[in-house]
Amino acid sequence: MQGRGRLPRLAFLSQCHRSLYASLSVNKNRLAAISNITSIYHHNLPTYHFQICSFRVSAYRMSTPPPPTQLLFHHDASLATHTTTLLTITPFSSLPAPDQSLFKSPPTNAFVLTFPSTIFHPQGGGQPSDEGHITLTSPPSVAFSVISARHSITNPSQVLHLGFFAPSVPPSDEQPLFTPGDQITQTINANLRNYHSRLHTAGHVLGSAVRHLLESQIEDFDELKASHFPDSAACEFRGLIDSKWKEPIQEKVNELLAAKMPVEVEWWDEEDFRREGLERLIPRGKDGEVVKPENTDGGRWRVVRIVGAEVYPCGGTHVERTDLCGEVRVRKVGRGKGCSRVGYGVVPGLEG
């Protein structure tokens with residue numbers, strides 16, 4: 001025991017035992033379940049091996065990746081409530097730096113929750129995050145307000161739910177009001193979801209209208225990307241679209257809305273895209289390699305079909321028919337660097 005002030009062996013072992021327990025307790029939200037630790041080899045005691053029998057802790061193993069979050073809105077976007085189990089609750093300050101960077105100006109005492117399944121649409125694909133609240137299933141408790149959901153950067157198949165507890169009962173970092181394993185109920189803001197869904201479907205309708213009118217008019221035409229955020233909704237296209245097309249685009253959009261076209265979700269593999277003559281829509285990275293889908297049905301891509309119009313690979317939420325978008329207004333047509341951006345909006349106030 002040289003170099004330890006002649007600490008008696010039994011006292012030293014007791015101290016090690018206490019230190020180990022404290023360390024595992026502090027990190028229980030970051031390590032996966034460790035139980036029945038039967039032996040530990042201390043690196044400063046190469047000739048000594050000691051036993052800790054039936055020592056059980058609740059923790060998380062760092063080397064075990066968290067399970068992917070099942071995205072329930074991919075299959076049923078009408079779900080407004082859902083009961084599931086809390087997997088983890090983490091103070092925002094304890095998140096890895098890449099995941100912290102996802103959230104701008106988090107509130108004081110913010111926590112991040114994860115679940116095996118969620119009805120919260122995380123920001124992505126041009127669509128904003130859902131908002132809502134979470135409570136214990138039984139007995140009812142003070143609500144945890146969810147203000148943003150995002151796909152984790154460190155574990156991309158997992159959805160992070162950022163929020164805070166009611167200000168009247170602020171928890172400490174050491175004693176949050178929820179515990180992993182709790183049964184909880186998720187509730188989204190259904191009006192906000194419907195608004196986002198109307199915007200997203202309207203973006204697909206706009207894209208379909210522009211393609212119908214201009215695909216044969218503009219050389220090397222293609223749809224590039226879209227934003228479906230309320231204040232910046234727009235679709236971008238390769239090629240220069242003259243402002244004279246604004247009114248014809250509006251008329252075509254109105255026609256597609258009035259047709260009450262069904263909006264359906266399908267699941268495709270590469271062969272499905274080829275069979276439909278839509279190989280150009282197979283998701284690819286910047287290097288041209290096919291990007292395999294995550295958190296999806298059997299490794300297939302989720303596609304949204306506006307029956308009678310267009311098909312889009314899409315992970316967002318939508319209304320069931322084009323007329324449910326409400327009034328859609330085509331805004332400014334901008335041009336630059338060989339591309340065009342057509343802005344649009346939907347008239348708010350139809351939620352409920």
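The values are calculated or read from the model by the stated rules, or taken from the named source; none is laboratory data. Predicted model only: the values in this text are computed from it and were never measured. Cβ sites come from the backbone with ideal geometry, for glycine too, and all protein chains shown count toward neighbours. Heads up: the accessible areas ignore ligands, DNA and RNA and are worked out on the full protein's heavy atoms, side chains in. Shrake-Rupley method; radii C 1.70, N 1.55, O 1.52, S 1.80 Å.
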What is the ratio of the Cα radius of gyration of region 284-348 to 2.2 N^0.38 Å, with N the residue count, to two decimals? 1.48
Gap in Å between the Cα centre of region 240-258 and the Cα centre of region 108-137? 36
At D231 and S157, where each label point lies 7 Å from the Cα along Cα→Cβ, what is the point-to-point distance in nanometres? 3.6
Histogram of C-alpha separations across region 101-149, 10 Å bin width, %: 20, 54, 22, 3
May I ask for log10 I(q)/I(0) of region 82-191 at q = 0.12, 0.16, 0.18, 0.23 Å⁻¹, from a Debye sum over the Cα atoms as equal point scatterers with solvent left out? -0.36, -0.66, -0.85, -1.46
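What FRET efficiency do you get for A259 and S145 if R0 is 41 Å and r is their Cβ-Cβ distance, rounded to the nearest 0.05?
Numbers: r = 40 Å, r/R0 = 0.97.
With R0 = 41 Å, the Cβ-Cβ based efficiency is 0.55.
T179 to L192: extension gain in nm, 0.36 nm per residue of separation minus the Cα-Cα distance? Please list the in-between numbers first.
Working: separation 13, 0.36 × 13 = 4.68 nm, distance 2.84 nm.
Gain on extension, T179 to L192, equals 1.8 nm.
Using 0.36 nm per residue of separation minus the Cα-Cα distance, give me the extension gain between D220 and K292 in nm, one decimal. Intermediate values should be presented prior to the final figure.
On the way: separation 72, 0.36 × 72 = 25.92 nm, distance 2.62 nm.
Value of the extension gain: 23.3 nm.
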I need two numbers for region 111-263: Rg to one decimal and Dmax as a whole number, Cα atoms only, in Å. 20.8, 63
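In region 223-352, what percent of the accessible surface is made up of carbon and sulfur (1.4 Å probe, ligands and nucleic acids excluded)? List each step's numbers first, then the result.
Details: 3400 of 7160 Å².
Looking at region 223-352 in its full context, I get 47 percent from C and S.
Leaving out ligands and nucleic acids, note down the accessible area per residue over region 216-352 with a 1.4 angstrom probe, in whole Å². Please list the in-between numbers first.
Values: 7750 Å² over 137 residues.
In whole numbers, region 216-352 has 57 Å² accessible per residue.
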Shape parameters for region 198-332, alpha-carbon atoms, Rg then Dmax in Å: 15.0, 45
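So if R0 is 51 Å, what FRET efficiency would R284 and T83 give, r being the distance between their Cβ atoms, rounded to the nearest 0.05?
Numbers: r = 38 Å, r/R0 = 0.74.
Efficiency at R0 = 51 Å is approximately 0.85.
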